[in-house]
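Q: Please read through the structure below; I'll follow up with questions.
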Amino acid sequence: DPDIGYLHRGIEKLAERCTWQGFIPYTDRVDYLGAMFMNHAYALAVEKLHGIEVPRRAEYLRVLADELNRIASPLLCLGSITMDLGADTPFLHGIRERESINDFMEELCGARLTYNYVRIGGVSGDLPPGLPERILRWLDGFSVFLDEFDRLITYNEIFLNRCKNVGIIPASDAIAFGLVGPNLRASGVDFDVRRDRPYSVYPELAFDVIVGQGKVGTVGDVFDRFWCRIEEMKQSARLVRQVLEGMPDGPIQSKVPRKLKAEKGASASARVESARGDTFVYVISDGSERPYRVRFRTGSFTALSALPRFARGMMVADLVALFASLDVIAPETDR
């Protein structure tokens with residue numbers, strides 16, 4: 001069984017020693033490969049608690065950053081799956097594209113991994129001159145990369161034999177174990193927080209929710225989890241293009257008091273769809289400038305908890321494929 005706890009850093013406890021605004025850099029560390037989602041979820045909860053409205057341009061910038069992060073994170077996941085199964089070349093191709101996104105994020109946020117971009121009431125910076133055009137040009141090439149990736153690995157006969165009908169997670173079990181995100185949708189469950197519990201400007205944007213179809217094997221197998229993430233990157237690219245083409249003018253930060261205080265005992269929660277699925281944040285105020293409690297609920301803990309159930313009776317070589325396809329981020333499992 002997985003032994004969880006060796007990466008416990010007490011991040012939720014640290015929140016009690018920070019101001020509401022000062023905790024944002026720590027949220028980056030909850031999931032270092034999906035830092036933007038953790039920023040966003042925490043900010044949404046705090047804004048709801050304090051009744052703060054976010055300017056429309058800032059909302060668009062948040063979604064832009066989210067969707068770029070949603071492409072960057074699966075690129076590493078998919079590359080890791082292929083490398084774990086013995087194919088190094090697709091991993092290097094994915095890293096090449098991921099580095100382009102890291103360059104864009106560095107221009108936008110000032111950082112390549114732990115972004116610290118979202119602020120209570122807005123974001124830390126506007127789009128640099130020329131960045132939208134560079135992202136749009138990159139998107140044109142990214143569609144070519146995805147076709148290339150399919151030729152290299154997705155429908156490669158050896159890869160298919162390692163992935164189809166392996167590590168099958170039925171929809172009922174996925175729900176019972178609390179799986180979220182691509183791991184849940186690959187099992188045939190049609191749920192996405194962006195559509196079903198809408199937030200920010202997602203209701204104004206068009207995208208499809210990708211659900212496992214058992215294209216070459218059984219619904220909910222390793223291949224479906226791989227395929228869903230590829231298709232979701234295509235949808236994220238579609239969203240990035242819509243956001244850049246529809247970006248409104250206006251401020252990127254609302255007026256927020258330097259010292260935020262909410263009524264004692266007041267609480268709020270928020271949900272976002274991260275690269276690993278439904279991320280839930282709950283905050284409680286004690287009437288001071290600091291949170292009384294901050295709680296994160298993320299997808300890696302439940303995915304890792306489900307591993308022993310679905311790995312039972314497997315060959316060790318197939319266990320590698322199953323584990324890689326769940327996209328578990330170790331620091332996210334225990335905060």
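A short reminder: the numbers here are calculations on the coordinates, not readings from a lab. Remember, predicted model here, so these are calculated numbers, not experimental data. Using ideal geometry, Cβ is built from the backbone for each residue, glycine included, and neighbour counts are taken over all protein chains shown.
Q: If you average the C-alpha positions of region 298-317 and of region 91-145 separately, how far apart do those two centres end up, in angstrom?
A: 33
Q: Next question, about the same structure. About the Cα centre of region 207-263, how large is the charge dipole given +1 on each Lys and Arg Cβ and -1 on each Asp and Glu Cβ? Please answer in debye to the nearest 20. Mind showing how you got there, number by number?
A: Numbers: 10 positive and 8 negative charges, 86 e Å.
So the magnitude is around 420 debye.
Q: Just grab the label-to-label distance for R293 and R197, each label 7 Å out from Cα along the Cβ direction, in nm (one decimal).
A: 1.7
Q: Note the direction-averaged projected area, equal to a quarter of the hull surface, for the Cα convex hull of region 266-310, in nm². Provide the component values of the computation, followed by the final result.
A: Details: hull surface 16.0 nm².
It is 4.0 nm².
Q: Another question, if that's okay. To the nearest 10 degrees, how steeply does helix 299-311 sit against the main Cα axis of the chain, on a 0 to 90 scale?
A: 20
Q: Same structure, new question: Report P(r) for region 11-324: all Cα-Cα distances, bin width 20 Å, range 0 to the bin holding the largest distance, values in whole percent.
A: 33, 56, 11, 0
Q: Further, regarding this structure: Once both labels are modelled 7 Å past Cα along the beta-carbon direction, what's the I95-L160 spacing in nm?
A: Those two pseudo-labels are separated by 2.9 nm.
Q: Jot down the per residue volume, in cubic angstrom and as a whole number, of the convex hull over the alpha-carbon atoms of region 80-225.
A: Values: hull volume 22.3 nm³, N = 146.
Dividing the Cα hull volume of region 80-225 by its residues yields 153 Å³.
Q: Placing one identical point scatterer on every Cα of region 54-157 and ignoring solvent, what is log10 I(q)/I(0) from the Debye formula at q = 0.14, 0.20 Å⁻¹?
A: Those come out to -0.60, -1.00, one per q.
Q: Give the Rg (one decimal place) followed by the Dmax (whole number) of region 1-93, computed from C-alpha coordinates and expressed in Å.
A: 17.0, 51
Q: Considering only D318, D221, D147, give the residue with the highest GNM mean-square fluctuation for the chain, with springs between Cα atoms whenever their separation is below 10 Å.
A: In this elastic network of the chain, the residue with the biggest mean-square fluctuation among D318, D221, D147 is D147.
Q: Among A72, A176, V216, pick out the residue whose Cα is farthest towards the positive end of the charge dipole of region 11-324, where Lys and Arg carry +1 and Asp and Glu carry -1 on C-beta, about the Cα centre.
A: So the residue we want is A176.
Q: Of the cross-linked pairs K48/K259; K48/K255; K164/K234; K13/K48, which ones have a Cα-Cα span greater than 18 Å in the structure shown?
A: As for pairs spanning more than 18 Å Cα to Cα, those are K164/K234; K13/K48.
Q: Return the ratio Rg/(2.2 N^0.38 Å) for region 180-273, where Rg is computed over Cα atoms only. Mind dumping the intermediate values first?
A: On the way: Rg = 18.1 Å, N = 94, 2.2 N^0.38 = 12.4 Å.
In units of the 2.2 N^0.38 Å rule of thumb, it is 1.46.
Q: Additional query: Counting only helical runs of four or more DSSP H residues, what would the 222 nm mean residue ellipticity of the chain come to if each run contributes -39,500 (n - 2.57) and the total is spread over all its residues? Write down the numbers at each step before the final one.
A: Details: 14 runs with 167 residues, N = 335.
For the chain, the value works out to -15500 deg cm²/dmol.
Q: Report, to the nearest 10°, how far helix 316-325 tilts away from the longest principal axis of the Cα atoms in the chain, using its own Cα long axis and a range of 0 to 90°.
A: Roughly 30 degrees, rounded to the nearest 10.
Q: Note the angle between two axes, namely the Cα long axis of helix 131-149 and the longest principal axis of the Cα atoms of the chain, as a number of degrees from 0 to 90, rounded to the nearest 10.
A: Orientation of helix 131-149: about 20 degrees from the principal axis.
Q: Putting +1 on Lys and Arg Cβ atoms and -1 on Asp and Glu Cβ atoms, find which of Y199, A15, A43 reaches farthest to the positive end of the dipole of the chain.
A: Farthest towards the positive pole: A15.
Q: What are the radius of gyration and Dmax of region 202-243, computed over its Cα atoms and given in Å?
A: That works out to 12.1, 35 Å for Rg and Dmax.
Q: While we're here: Could you give the C-alpha radius of gyration of region 179-335 expressed as a fraction of 2.2 N^0.38 Å, taking N as the number of residues it contains?
A: Numbers: Rg = 19.2 Å, N = 157, 2.2 N^0.38 = 15.0 Å.
Cα Rg divided by the expected 2.2 N^0.38 Å: 1.28.
Q: Among A111, P2, P251, which residue has its Cα furthest toward the positive end of the charge dipole of the chain, with +1 on Lys/Arg Cβ and -1 on Asp/Glu Cβ?
A: Of the candidates, P251 comes out farthest on the positive side.
Q: Treat every Asp and Glu Cβ in region 11-324 as -1 and every Lys and Arg Cβ as +1, leave all other atoms uncharged, and give the resulting dipole magnitude about the Cα centre to the nearest 20 debye.
A: Values: 40 positive and 41 negative charges, 218 e Å.
For region 11-324, the charge dipole is close to 1040 debye.
Q: Applying the Karplus parametrisation 6.51 cos²θ - 1.76 cosθ + 1.60 with θ = phi - 60° to the phi angles of region 238-253, what ³J(HN,Hα) value in whole Hz is obtained for each residue in order, glycine and proline being reported as x?
A: Per residue, the Karplus-derived 3J(HN,Hα) values read 4, 5, 4, 4, 4, 5, 5, 6, x, 4, x, 7, x, x, 10, 8 Hz.
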